[in-house]
Protein chains: 2
Amino acid sequence: MDVRTICLGILTRDDATGYQIKKAFEDDGLQHFVEASFGSIYPALSRLTEEGLVSVRAEAQEKRPDRKVYSITPAGRAAFIRALMKALPEDRHRSPFVFAMLFSDLLPPARVRALLDDYIAQSEQKLAHLQQKASEKLMPGERFAIDFGHTMYTAMIDFLRARRADVEGQALQAAE
Amino acid sequence: MDVRTICLGILTRDDATGYQIKKAFEDDGLQHFVEASFGSIYPALSRLTEEGLVSVRAEAQEKRPDRKVYSITPAGRAAFIRALMKALPEDRHRSPFVFAMLFSDLLPPARVRALLDDYIAQSEQKLAHLQQKASEKLMPGERFAIDFGHTMYTAMIDFLRARRADVEGQALQAAE
DNA sequence: ATCGATTTATATCGGACCTATATAGGGCAA
DNA sequence: TTGCCCTATATAGGTCCGATATAAATCGAT
């Protein structure tokens, strides 16, 4: 989803600064499915303001640059709903890990084992974070997203652990 | 994974044109985890050639522009292995679908049901394609990638179907 | 008490990448 | 025979990310 729409979505829930829009995803366990960088959020917010889809108020602070707090306008809200009503872009899952495993025959077996171990450890961490989120009070949409992630990572880890065991078995056999 | 490394990987298996490099992923059921567009493949190939990591031979064809067939050089092969030996970029799964579901409370219930139905149908199609690939003879790396995808889509579809049933139940209740 | 690390906050530049488009001949189907 | 899809290369425009700069507050450790 384009950054403009992501910004509008967050502002649908509450007013926020550019910084808070980025944080909104990082902390909420949604970073596995949606994210945007500062380098695209700030320009998006400027354009959205020009187009009247959001409004800004500069909150002056002592000895700090102004915080620019953005709010969604009625026009912005309508544009956001319109964006969700038409055909969505397709999911894209890009995995350097799977790519590397494609060429496992070219790599030292120790590297393949490390690749698997690292990826499993990473996934377990993400799952733990998701599990913690799942135990909190959530809006229905968030509940869906967190449970979705939980399902995916659980299935992934099961699969990976089984393969990891296979590789270990083959390594032992080869050592005989 | 950056496009340069993706190109080197494909050329590790066989010589190919830019066009074939793109096709290699589309047909092999790997498009869910790795992809690159023509707009990035062609410039990548040019740079790789300049750097001596690949070589080109122009195959003249009757009444057609030359096909440029690329081959990986020993230096390219070494660079590819090096890329796979150091830390990999993290996976990124971007899902406009999950993003939209986050805001299901703002959408008409019929739209939410359509979102779920479309996504389930799409996933079933991808799973079917993966299942067909899984029945073919594959290299170990490909076997891993296809089975990985199979696992993920199966788990996803199970989850989605359960949620879809919940939504239907709620709609019936509300209609009473 | 103070030094360093982290957090809050905005912003820009360069580069990587994608989408759309142009070009062009071949084969195939209606 | 008209139109569409496939092979094939290439570029322009635009989106987005990663790195970097700046700056002050806060918090933990020594």
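Rounded to the nearest Å, what's the spacing between the alpha carbon centres of the stretch B:67-88 and the stretch B:94-123? Just the number, please.
40 Å
Could you give the size of the charge dipole of chain A about its Cα centre, using +1 on the Cβ of each K and R and -1 on the Cβ of each D and E, expressed in debye and rounded to the nearest 20?
Computed about the Cα centre, the dipole is about 560 debye.
Can you check what the net charge comes to around residue A:76, using other residues whose Cβ is under 11 Å from the Cβ of residue A:76 (Lys, Arg +1; Asp, Glu -1)?
So the environment of residue A:76 carries a net charge of +2.
Residues of B:33-39, mean number of Cβ from any other protein chain within 10 Å of their own Cβ, rounded to a whole number?
Rounded to a whole number, the mean comes out at 3.
Beyond 22 Å, what percent of the Cα pairs of the stretch B:96-175 remain?
Every Cα pair in the stretch B:96-175 considered, those over 22 Å come to 37 percent.
What is the set of long-range amide H partners of residue A:16 at a cut-off below 5 Å, with H atoms built 1.01 Å from backbone N?
A:70
Under DSSP H, which helices of chain B have Cα atoms covering 15 Å or more of the helix axis and a Kyte-Doolittle average no less than 1.0?
Qualifying helices, which must be both long enough and hydrophobic enough, are B:3-13.
Using a 1.4 Å probe on the protein heavy atoms, what percent of the accessible area of the stretch A:57-176 belongs to carbon and sulfur?
Roughly 53 percent, rounded to a whole number.
If we count every other residue with Cβ under 13 angstrom of residue A:151's Cβ, Lys/Arg +1 and Asp/Glu -1, where does the sum land?
It works out to a net charge of +1.
Using a probe radius of 1.4 Å on heavy atoms only, what accessible surface per residue do you get for the protein assembly as shown? Whole Å² is fine.
51 Å²
Taking the dipole about the Cα centre of chain B, with the C-beta of Lys and Arg at +1 and of Asp and Glu at -1, give me whichever of B:30, B:149, B:165 is farthest to the positive side.
B:30
Quick one: putting +1 on the C-beta of Lys and Arg, -1 on the C-beta of Asp and Glu, what dipole do you get for the stretch A:96-175 around its Cα centre, in Debye to the nearest 20?
Here the stretch A:96-175 has a charge dipole of around 100 debye.
Would you mind calculating the relative contact order of chain A from Cα pairs under 8 angstrom and at least 6 residues apart, reporting the percent as a whole number?
Across chain A, relative contact order equals 20 percent.
Return the value, in Å² to the nearest 100, of accessible area buried between chains A and B (probe 1.4 Å, both sides summed).
So the total buried area for this chain pair works out to about 5900 Å².
What dipole magnitude, in Debye to the nearest 20, does the protein assembly as shown give about its Cα centre under +1 on Lys/Arg Cβ and -1 on Asp/Glu Cβ?
In total the dipole reaches around 760 debye.
Rounded, prolate or oblate for the stretch A:3-85? Axes are the square roots of the Cα gyration tensor eigenvalues, ordered a ≥ b ≥ c, and the cut-off for rounded is a/c under 1.5.
Verdict is oblate for the stretch A:3-85.
Residue B:46: net charge of surrounding residues, Cβ under 13 Å, Lys/Arg +1, Asp/Glu -1, itself excluded?
Net charge around residue B:46: +1.
At a cut-off of 20 Å², which residues of the stretch B:139-168 become less accessible once all protein chains are present than in their chain alone, using a 1.4 Å probe?
Buried by the other chains: B:141, B:144, B:145, B:147, B:148, B:151, B:152, B:155, B:156, B:159, B:163.
Residue of B with Cβ nearest the axis relating B to A, plus distance in whole Å?
Nearest Cβ to that rotation axis, in whole Å: B:155, 2.
Run the helix sum for the protein assembly as shown: -39,500 (n - 2.57) per DSSP H stretch of 4+ residues, divided by residue count, reported at 222 nm to the nearest 500 deg cm²/dmol.
Result for the protein assembly as shown: -22000 deg cm²/dmol, rounded to the nearest 500.
The values are calculated or read from the model by the stated rules, or taken from the named source; none is laboratory data. Note that the structure is predicted; figures quoted are calculated from it, not measured. Glycine gets a Cβ as well: all are built from the backbone with ideal geometry, and neighbour counts include every protein chain shown. Please note that ligands, DNA and RNA were not included when accessible areas were found on the heavy atoms of the full protein model with its side chains. Shrake-Rupley method; radii C 1.70, N 1.55, O 1.52, S 1.80 Å.
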